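Undergrad: Before I ask anything, here is the structure I am working with.
The values are calculated or read from the model by the stated rules, or taken from the named source; none is laboratory data. Note that the coordinates shown come from a computational prediction; the quantities given were computed from them, not determined experimentally. All Cβ positions, even for glycine, are placed from backbone atoms using ideal geometry, and neighbour counts span all protein chains on display.
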Amino acid sequence: MAGTYTLRFILFFFILFFFILSVLLAMARGQAPTNSDWLLKIKSELVDPVGVLENWSPSVHVCSWHGISCSNDETQIVSLNLSQSRLSGSMWSELWHVTSLEVLDLSSNSLSGSIPSELGQLYNLRVLILHSNFLSGKLPAEIGLLKNLQALRIGNNLLSGEITPFIGNLTNLTVLGLGYCEFNGSIPVEIGNLKHLISLNLQQNRLSGSIPDTIRGNEELEDLLASNNMFDGNIPDSLGSIKSLRVLNLANNSLSGSIPVAFSGLSNLVYLNLLGNRLSGEIPPEINQLVLLEEVDLSRNNLSGTISLLNAQLQNLTTLVLSDNALTGNIPNSFCFRTSNLQQLFLARNKLSGKFPQELLNCSSLQQLDLSGNRLEGDLPPGLDDLEHLTVLLLNNNSFTGFIPPQIGNMSNLEDLYLFDNKLTGTIPKEIGKLKKLSFIFLYDNQMTGSIPNELTNCSNLMEIDFFGNHFIGPIPENIGSLKNLIVLHLRQNFLWGPIPASLGYCKSLQLLALADNNLSGSLPSTLGLLSELSTITLYNNSLEGPLPVSFFILKRLKIINFSNNKFNGTILPLCGLNSLTALDLTNNSFSGHIPSRLINSRNLRRLRLAHNRLTGYIPSEFGQLKELNFLDLSHNNLTGEMSPQLFNCTKLEHFLLNDNRLTGTITPLIGNLQAVGELDFSSNNLYGRIPAEIGSCSKLLKLSLHNNNLSGMIPLEIGNFTFLNVLNLERNNLSGSIPSTIEKCSKLYELKLSENFLTGEIPQELGELSDLQVALDLSKNLISGKIPSSIGNLMKLERLDLSSNHLIGEIPTSLEQLTSIHILNLSDNQLQGSIPQLFSDFPLTSFKGNDELCGRPLSTCSKSASQETSRLSKAAVIGIIVAIVFTSMVICLIMLYIMLRIWCNWRKVSVISSSDGSGNEHGREEVKWVYRNDKNVGQYWKVDSVTF
């Protein structure tokens, strides 16, 4: 019975076990996600604006999904390529479940987030390409687990931190692209473990330190790109042992030392770029052994010595750039040969000397030649046309002399001709008109003469002409309007005459027209209104006249107008409504009428200069809306009325000039709003009232001129806020009170004029602290009293001192003999006395007249007694002393009279007593004792004096 139960229990146990096992297996089969499940989950997390994942669906076999490749038996996913699919979202950690992946390419999307460390579990991965996204964070160390990886390209992202040393575990790697990220730190020495590496791209990061010597281990390396980092130290010689190297780019770092001679071992090198480092020393001539070299750029270093690279040996060389070094000497005779392939030669900004190297004319394949910024001299060779393929010729900033050879007209491919800043003379050859492809011709800063040839207008492709600073004469070519592509016409500072050609208006592409500093005359042609692209026009310092063309109002792109110093007249209305205008200068013409309020349509106006015209009326209050205005000059006109408070809303004003008009009213306290102003000139108007204390808020003032007005009251104490002030001119007003001592804080003053006011008090000692005072100190024609402070002698830079017509007293301080720079001195019409210091003896008599008690040259010679006295009393002091002596003498006399009167009275009393009792001696003695007892001193006094008397 017991055995039966035991058998049943065992049977039940097995049935239950298999049941549970089958249930668990069934559950497991129902819940385990497949690769397609993981990919669908990834799809749900992505933003797919163009629907590239549209066929990712359970109803479609996973091997048919877009971007997916499977094994031949379609049992495993081996490749996922979704590059350039415009996908966005975070990088997906779920991908690690697809362990069969061999290729993963998600490049050129907008994926963000960090690279998940779980990618390190994709052990079969051979290619990982994630470049050109927005991935951030560090490169996970788990990347070193991908032992089969052959290509890793994750550049052009926002990745940062150091490059993990575990990168050295990827021994099968052939391509490593980490460029255009934000990696920092140094190159890990483990990089040398990558024996099969062919391409290494580290450029455009923040990597620093030296290039590790272990890089010699990359024996198969062909491309090393490490430009635009912060590498320093020497270039390791070990680089020269990588025989397979074809491209070496270490540009724009801080590498120093010399170029390794070991580079001569790089026999397969095609491209060498070391520009923008701190390399020094000479260029190793051994570089000439690299016969496969096609491009070499060693510019922007500190290389010295002569040019040792010879195109005669480097016969495959097409580009050689050695600009911005300190190379000296001549270009070698054997530099070039007739069958040369050299197309670009840039030797600019070195210290090369001698004449134009004739040897270069052998480089007939040259397309671009730049010898600018050297010390080359002599004539330009007539054989320049041997360089028949030349498109760019830059010879500027040298010392070439002589004429431009007419053979230049045979260089039919020439596009850019830069000959500026030389010493060229003569005329522009007419043959220049044969250069149909010429786009840029810059001849400025030479000494060329003659007229501008009409043939120049045959160069129909010309875009920029710059002849500034020569001696060209004659008119502007009449048919210049045929240059339809002209963008810049710069003829400033020559001797051109005649009118501006009407055809100029047909240069529809013109953006800059600079004709200033010539002798042009006549009126402006109305066709200039056709220059719809014009942004800058400068015509100043000519003899142009007449009213402005009405057509100017349609030039909506105009930003800068300068017509100053001409003879224009009429209204300025045609210049209103130019919305792009930033600077308008019409100074020194004969414009008349009111200032149009419509100028406020130029909301971006920064400079407005209308000085020295015949403008009348009020200053438009609407100018207060020009919030960008920083220069306003309306001086020397006939403007009237008061200054509108709205003007002081222009808080960016740095120069505010309204002088020499007929303005009235007071200076508003709103002037304190102009906290950026550096030059303020309201002089020569009819302003009245006080100088507001709020002016102290203009603490950046460099020049303050309020002279020739009717201002009254005291100079505000806030003047001490002007710590940058250079010029203070308040003369010819009605100011009163004393000079504020706070003026000592104006430590940068070099001109101070307070003359012709009603200032009182003494000259403050603090003026002596203004050690930069140089041009003038003028306090003349006031009511200033007291002595000249000795501290004035500290102003040793002072050139002009005028203290005349005041009430100054005392001697001229000897400390003034320190004013050795002074050449104008006026102390006349005061009450000074004593001798004139020897330093001033050569000044004219007028400097000291009106001081009756001064003596010494140039006045009368001082007397001996006067010369012996160290100080003399003034008349007032003498009178005071005499009065004191007389008064004291009278007091003493009165006291003496009183004493004598008392003595006489006492004597009389004693005499009466004695006479009344002639034999009474005892009584007399008793009387004496009584006097003695009652007043010991007096009794004693009388007793003694009685006997004496």
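Undergrad: Those residues that are touching a helix residue (DSSP H, G or I) at 6+ places or on another chain (Cβ under 6 Å), under 22 Å from S256 (Cα atoms) and crowded, with 17+ Cβ neighbours inside 10 Å, I need them from segment 182-211; list them, please.
TA: Hit for segment 182-211 is P188, nothing else.
Undergrad: Restricting the search to segment 385-410, which residues are over 18 Å from A348 (Cβ atoms) and of a type outside the set (G, A, S)?
TA: Listed by number, the residues that qualify are D385, D386, E388, H389, T401, F403, I404, P405, P406, Q407, I408, N410.
Undergrad: Something else about it: Out of everything in segment 365-376 that is touching a Ser or Thr at 6+ places or on another chain (Cβ under 6 Å) and at pLDDT 95 or above, what residue ends up being surrounded by the most Cβ atoms within 10 Å (Cβ to Cβ)?
TA: Q367
Undergrad: Answer yes if at least one residue in segment 678-695 is among the aromatic types (F, W, Y) and closer than 16 Å to R607 by Cβ, and no otherwise.
TA: Looking for residues that are among the aromatic types (F, W, Y) and closer than 16 Å to R607 by Cβ, one finds none in segment 678-695, hence no.
Undergrad: Within segment 443-472, how many residues are polar (S, T, N, Q), within 20 Å of F400 (Cβ to Cβ) and surrounded by 18 or more Cβ atoms within 10 Å (Cβ to Cβ)?
TA: Selection size over segment 443-472: 2.
Undergrad: Could you run through segment 581-599 and say how many residues are crowded, with 18+ Cβ neighbours inside 10 Å, outside any loop (DSSP other than H, G, I, E, B) and not charged (D, E, K, R)?
TA: Count: 4.
Undergrad: Can I ask one more? Counting only residues that are assigned to a strand (DSSP E or B) and aromatic (F, W, Y), how many does segment 291-345 have?
TA: The total comes to 0.
Undergrad: Taking G834 as the residue in question, decide whether it is touching a Ser or Thr at 6+ places or on another chain (Cβ under 8 Å), modelled with pLDDT of 90 or more and part of a loop (DSSP other than H, G, I, E, B).
TA: The answer is no for G834.
Undergrad: Of all residues in segment 799-822, how many are closer than 19 Å to L749 by Cβ and in a loop (DSSP other than H, G, I, E, B)?
TA: Within segment 799-822, residues that are closer than 19 Å to L749 by Cβ and in a loop (DSSP other than H, G, I, E, B) number 5.
Undergrad: How many residues does segment 668-708 contain that are touching a His at 6+ places or on another chain (Cβ under 8 Å) and surrounded by fewer than 20 Cβ atoms within 10 Å (Cβ to Cβ)?
TA: Number of matching residues: 2.
Undergrad: Which one of these is under 30 Å from L139 (Cβ atoms), of a type in the set (S, T, Y) and either touching a Gly at 6+ places or on another chain (Cβ under 8 Å) or modelled with pLDDT under 50 (or both): S71, S83, S44, S90?
TA: Working: S71 fails: either touching a Gly at 6+ places or on another chain (Cβ under 8 Å) or modelled with pLDDT under 50 (or both); S83 fails: either touching a Gly at 6+ places or on another chain (Cβ under 8 Å) or modelled with pLDDT under 50 (or both); S44 fails: either touching a Gly at 6+ places or on another chain (Cβ under 8 Å) or modelled with pLDDT under 50 (or both).
Sole residue among the options that is under 30 Å from L139 (Cβ atoms), of a type in the set (S, T, Y) and either touching a Gly at 6+ places or on another chain (Cβ under 8 Å) or modelled with pLDDT under 50 (or both): S90.
Undergrad: Return the residue satisfying two criteria in turn: it lies in segment 610-622 and is part of a loop (DSSP other than H, G, I, E, B) and under 21 Å from L674 (Cβ atoms), and of such residues it is farthest from the chain's Cα centre (by Cα).
TA: Taking the candidates together, the pick is Y618.
Undergrad: Look at segment 625-652 and say how many of its residues are of a type in the set (G, A, S) and surrounded by fewer than 17 Cβ atoms within 10 Å (Cβ to Cβ).
TA: 1
Undergrad: Continuing with this model, one more query. Residue check, F472 against (1) more than 34 Å from the chain's Cα centre (by Cα); (2) within 30 Å of L605 (Cβ to Cβ); (3) at pLDDT 95 or above, all met but one. Which one?
TA: (2)
Undergrad: From the list S83, S136, S107, pick out the single residue that is within 21 Å of L176 (Cα to Cα), crowded, with 19+ Cβ neighbours inside 10 Å, touching a Leu at 6+ places or on another chain (Cβ under 7 Å) and among the small types (G, A, S).
TA: None of the other options fit; the residue is S107.
Undergrad: List the number of the failed condition for S580; all other conditions in (1) in contact with a strand residue (DSSP E or B) (Cβ under 6 Å, 6 or more places away or on another chain); (2) touching a residue at least 40 places away in the same chain (Cβ under 8 Å); (3) farther than 17 Å from S635 by Cα hold.
TA: (1)
Undergrad: Residue by residue through segment 456-469, note down the ones that are in contact (Cβ under 8 Å) with a residue 40 or more places away in the chain and either over 27 Å from N410 (Cα atoms) or part of a helix (DSSP H, G or I) (or both).
TA: none
Undergrad: Related question: Checking L548 against (1) touching a Phe, Trp or Tyr at 6+ places or on another chain (Cβ under 7 Å); (2) surrounded by fewer than 19 Cβ atoms within 10 Å (Cβ to Cβ); (3) at pLDDT 95 or above, which test does it fail?
TA: Result: L548 passes all but (2).
Undergrad: Now for a separate question. Residue check, C63 against (1) modelled with pLDDT of 90 or more; (2) over 28 Å from L145 (Cα atoms); (3) in a helix (DSSP H, G or I); (4) hydrophobic (A, V, I, L, M, F, W, C), all met but one. Which one?
TA: (2)
Undergrad: Sticking with this structure for a sec: Among the residues of segment 349-395, how many are assigned to a loop (DSSP other than H, G, I, E, B) and among the polar types (S, T, N, Q)?
TA: Counting residues in segment 349-395 that are assigned to a loop (DSSP other than H, G, I, E, B) and among the polar types (S, T, N, Q) gives 7.
Undergrad: Give the residues of segment 423-450 that are of a type in the set (S, T, Y) and either closer than 21 Å to W497 by Cβ or modelled with pLDDT under 95 (or both), sorted by residue number.
TA: T425, T427, Y444, T449
Undergrad: Considering each of S592, S602 in turn, give the residue that is under 26 Å from I500 (Cα atoms) and of a type outside the set (K, R). So that I can check it myself, show each step before the final result.
TA: Working: S602 fails: under 26 Å from I500 (Cα atoms).
Answer to the check: S592.
Undergrad: List, please: which pairs have Cβ atoms under 6 Å, are six or more places apart or on different chains, and start with a residue in segment 400-414 that is closer than 22 Å to L352 by Cα and end with one that is surrounded by fewer than 15 Cβ atoms within 10 Å (Cβ to Cβ) and not small (G, A, S)?
TA: T401/K423; G402/D379
Undergrad: Taking segment 548-557 as the search range and keeping residues that are touching a helix residue (DSSP H, G or I) at 6+ places or on another chain (Cβ under 8 Å) and in a loop (DSSP other than H, G, I, E, B), which one is farthest from S521 (Cα to Cα)?
TA: L555
Undergrad: Scan segment 623-632 and give yes if some residue there is part of a loop (DSSP other than H, G, I, E, B), under 18 Å from T587 (Cα atoms) and either touching a residue at least 12 places away in the same chain (Cβ under 8 Å) or not hydrophobic (A, V, I, L, M, F, W, C) (or both), otherwise no.
TA: Yes, segment 623-632 has at least one match.
Undergrad: Scan segment 755-798 residue by residue and report those that are small (G, A, S), within 41 Å of the chain's Cα centre (by Cα) and assigned to a loop (DSSP other than H, G, I, E, B).
TA: Selection gives S755, S771.
Undergrad: Kindly list, by first and then second residue, each pair from a residue in segment 126-151 that is farther than 17 Å from P116 by Cβ and at pLDDT below 95 to a residue that is surrounded by 20 or more Cβ atoms within 10 Å (Cβ to Cβ) and basic (K, R), limited to pairs with Cβ atoms under 6 Å and residues at least 6 apart or on different chains.
TA: none
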